[in-house]
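Report on the following structure.
The values are calculated or read from the model by the stated rules, or taken from the named source; none is laboratory data. As the structure is a prediction and not an experimental result, all values here were calculated from the model. With ideal geometry, Cβ positions are generated from the backbone for all residues, glycine too; neighbour counts draw on all protein chains shown. Surface accessibility is based on the protein's heavy atoms, side chains included, excluding ligands, DNA and RNA. Shrake-Rupley method; radii C 1.70, N 1.55, O 1.52, S 1.80 Å.
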Amino acid sequence: MSLPHLPPNVIRSVYLLASVLFIIGIKQLSSPKSARNGNLLASVGMLLAIVATLLDRQILSYGTIAAGIVLGGLIGTVAASRVAMTAMPQMVALFNGSGGGAAAIVSSLEYLRFARAGLPVPPVSGVTILLGALIGAISFTGSIVAFGKLQGLVTERAVTYPLQKPINFILFLAIVAASAWLVVTGQPDVMVYAWFAAAALLFGVMFVIPIGGGDMPVVISLLNSFTGLATAATGFSLHNHVLIISGTLVGASGTLLTYLMCKAMNRPITNVLFGAFGAVVKGTGAAGAARAGAMAGKGVREVSVEDTATILAYARSVIVIPGYGLAVAQAQHSVRELADVLKSRGVDVKYAIHPVAGRMPGHMNVLLAEANVPYQELYDLDAINPEFERADVALIIGANDVVNPAARNDPSSPIYGMPILDADKAKHIIILKRSMKPGFAGIENELFYNPKAMMLFGDAKDTASKVVHAVKTV
Amino acid sequence: MIEQLLTDLTILVLAIFIGYEIISKVPVILHTPLMSGTNAIHGIVLVGAMLVAGTPEGPLVTALGFVAVVLGTINVVGGFLVTDRMLRMFAGKTPGGR
């Protein structure tokens with residue numbers, strides 16, 4: 001089989017068009033109305049780039065490519081159409097890892113080409129090939145570990161062991177040394193390269209393993225930016241501008257989201273990556289134990305489904321604070337139903353979304369959109385916090401650390417300084433919770449002991465539906 | 001060589017600025033689709049995978065090239081489809097209705 005070839009300049013022009021479509025596509029993501037169209041434009045750009053590449057005269061055999069595209073397309077289609085919205089973070093991690101793996105392989109084959117031809121590797125090519133392979137490999141295995149953690153195949157807790165940091169540091173030094181050797185000598189050495197690649201793959205695992213599940217929004221953003229950078233590096237090796245442009249756009253996006261997530265938690269990126277946050281349940285020290293004891297002494301106030309329904313039904317305004325627990329319990333539909341019943345009684349209902357609610361940036365918005373909550377009712381932290389003072393009820397469903405006042409007033413708390421939702425300023429605080437178990441960070445929450453707070457224990461989905469029925473009979 | 005590198009670097013630097021500008025305008029509610037959409041865009045590495053897989057240089061290159069094309073295609077197809085699924089839920093919703 002043979003396809004007609006396009007002249008290189010025509011192909012480069014198509015690549016330019018594809019880059020423009022990617023940029024316009026991302027730009028249209030700035031509004032929910034045009035966003036779908038933007039994604040469509042970007043995918044058209046991708047299709048054009050792929051078709052143009054097929055007609056490149058460098059391509060001599062189509063069998064491997066055709067088989068690969070059919071198989072990859074099948075896997076991608078099935079995975080994308082079956083995945084539940086709650087499982088979106090791990091799906092994105094897997095797709096991201098695939099891209100990283102592809103970038104690492106392409107860079108490695110570039111290296112192999114030099115080796116086979118017996119040509120010396122010029123320093124610039126050496127650096128870009130090694131960067132593409134290194135970042136791509138870290139993104140590949142790192143994403144797989146992140147997937148495992150989010151899917152529950154690997155423990156969500158931060159895995160730590162003795163000498164972890166020195167071992168990782170030595171591994172990193174070994175990678176740097178191997179890279180330096182390969183670049184400086186310039187003679188292709190496949191054995192050293194293979195060791196380098198293996199170390200890079202291992203480093204990706206070691207890098208993500210000590211990071212806890214609650215910090216996955218940061219990790220996924222960072223790995224996304226890694227794959228972008230690996231793609232850009234591959235573009236340097238292949239002198240392909242569409243790869244450089246697209247890779248850099250994604251690198252910028254991932255970096256920006258990583259920064260926003262860290263800012264939302266008020267923790268520097270180094271703390272997220274190396275702090276082993278959530279490794280063990282904190283507060284086992286004397287001070288922590290004393291505080292826990294004091295809290296236990298105070299006790300919490302429980303509330304019945306009927307009383308909850310009455311309070312909600314006669315409120316003027318209710319602010320719902322959804323957390324990851326809501327997603328775990330699949331309660332988003334019941335909660336939307338509750339909001340509908342309340343709205344039909346003239347209650348003003350708003351949703352307060354903390355930036356780190358969920359397991360990836362913006363995850364909670366997607367979960368609520370799936371339950372047909374209009375996005376106009378979703379408010380971010382800065383927009384909603386001044387409203388709590390006027391709100392009659394703050395209804396907290398499956399959220400914990402993001403409403404913990406310790407972030408405001410306890411300098412010894414690990415989450416001290418994190419901007420939180422000011423739920424404690426509402427007139428009443430109702431907390432739907434499975435049990436008194438602490439949140440991901442393993443920290444006691446004094447909000448539960450607030451005199452205004454009432455606990456409604458049980459499965460979030462089940463309890464929310466019961467409250468819906470009770471409100472209807474009020 | 002150096003001229004080529006400078007051209008590539010120019011494009012890289014300009015792309016960083018464009019990326020920062022357009023991405024900082026995306027609202028928080030669309031951050032998940034933004035991530036999965038840009039995720040699909042870095043699947044452009046598939047183009048690189050096709051270029052190496054299409055030059056037959058023995059079984060090792062063919063096998064690795066095949067794997068790269070499969071991974072790149074999963075990234076592209078899965079990324080765009082999943083983003084579309086999410087954006088369908090956001091599009092066309094008016095206040096208080098669907």
Length-normalised contact order of the range B:18-84 in % [C-alpha pairs under 8 Å, at least 6 apart]:
42
Hey, quick one: spin label on residue A:119, modelled 7 Å out along Cα-Cβ, who in the range A:234-255 has an amide N within reach, i.e. under 19 Å?
A:234-241
Span per principal axis, largest first, for the Cα atoms of the range A:11-112 (Å):
42, 31, 24
Where trypsin sites (Lys or Arg not before Pro) fall in DSSP loop in the range A:381-449, at most 14 other Cβ within 10 Å:
A:434
Among A:371, A:193, A:218 the positive-end extreme of the charge dipole of the protein assembly as shown (Cβ point charges)
A:371
At 1.4 Å probe size, put A:277, B:90 in order of accessible surface, largest to smallest.
A:277, B:90
Taking the range A:1-144 and dividing mean pair separation by its residue count, relative contact order in percent (alpha carbons under 8 Å, at least six apart):
21
Based on Cα coordinates alone, diagonalise the gyration tensor for the protein assembly as shown, multiply each eigenvalue by 5, take square roots, and list the semi-axes in whole Å, largest first.
47, 27, 18
So, with +1 on the Cβ of K and R and -1 on the Cβ of D and E, and no other charges, what is the size of the charge dipole of the protein assembly as shown about its Cα centre, to the nearest 20 debye?
760
222 nm mean residue ellipticity, helices alone, for chain A (DSSP H n ≥ 4; -39,500 (n - 2.57); rounded to 500)
-20000 deg cm²/dmol
Can you give the Kirkwood hydrodynamic radius for the range A:174-256, in Å, rounded to one decimal and based on Cα pairs?
14.4
Cα-centred dipole magnitude for the range A:85-275, charges only on beta-carbon of K, R (+1) and D, E (-1), debye, nearest 20:
180
Are there any helices in chain B, counted as whole DSSP H runs, that stretch 18 Å or more along their axis by Cα and score at least -1.0 on average by Kyte-Doolittle, and if so which?
B:2-23, B:59-73
Can you give me the distance in nm between label points at residue B:10 and residue A:51, each placed 7 Å from the Cα along the Cα-to-Cβ direction?
3.0
Across all Cα atoms of the range A:324-474, Rg and the largest Cα-Cα distance (Dmax), in Å, are 14.7, 46
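Grab the Cα-Cα distance for residue A:62 and residue A:436, subtract it from 0.36 nm times how many residues apart they are, and report the gain in nm with one decimal. Could you put the intermediate results ahead of the total?
Details: separation 374, 0.36 × 374 = 134.64 nm, distance 5.99 nm.
The span from residue A:62 to residue A:436 would gain 128.6 nm if fully extended.
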For the range A:202-246 versus the range A:112-181, the gap between their alpha-carbon centres in whole angstrom
11
Mean separation of Cα pairs under 8 Å and 6+ residues apart, divided by the residue count of chain A: what relative contact order is that in percent?
14
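Can you tell me what percent of all Cα-Cα pairs in the range A:85-275 are more than 22 Å apart?
Numbers: 8517 of 18145 pairs.
I get 47 percent for the Cα pairs in the range A:85-275 exceeding 22 Å.
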Work from the charge dipole of the protein assembly as shown (Cβ charges, +1 for Lys and Arg, -1 for Asp and Glu, about the Cα centre) and give the residue of A:234, A:99, A:395 farthest towards its positive end.
A:395
Average projected area [Cα convex hull, the range A:85-197], square nanometres:
8.0
Quick one: the Cα spread of chain B along its three principal axes, in angstroms, biggest first?
61, 34, 14
In the range A:297-473, if the dipole is taken from +1 on Lys/Arg beta carbons and -1 on Asp/Glu beta carbons about the Cα centre, which of A:460, A:304, A:385 is farthest to the positive end?
A:304
Can you pick out the pairs among A:425/A:452; A:27/A:350; A:437/A:466; A:433/A:472 whose Cα atoms lie more than 18 Å from each other?
A:27/A:350; A:437/A:466; A:433/A:472
Mind grabbing the accessible area of residue A:387 for me, 1.4 Å probe, Å², rounded to tens?
50
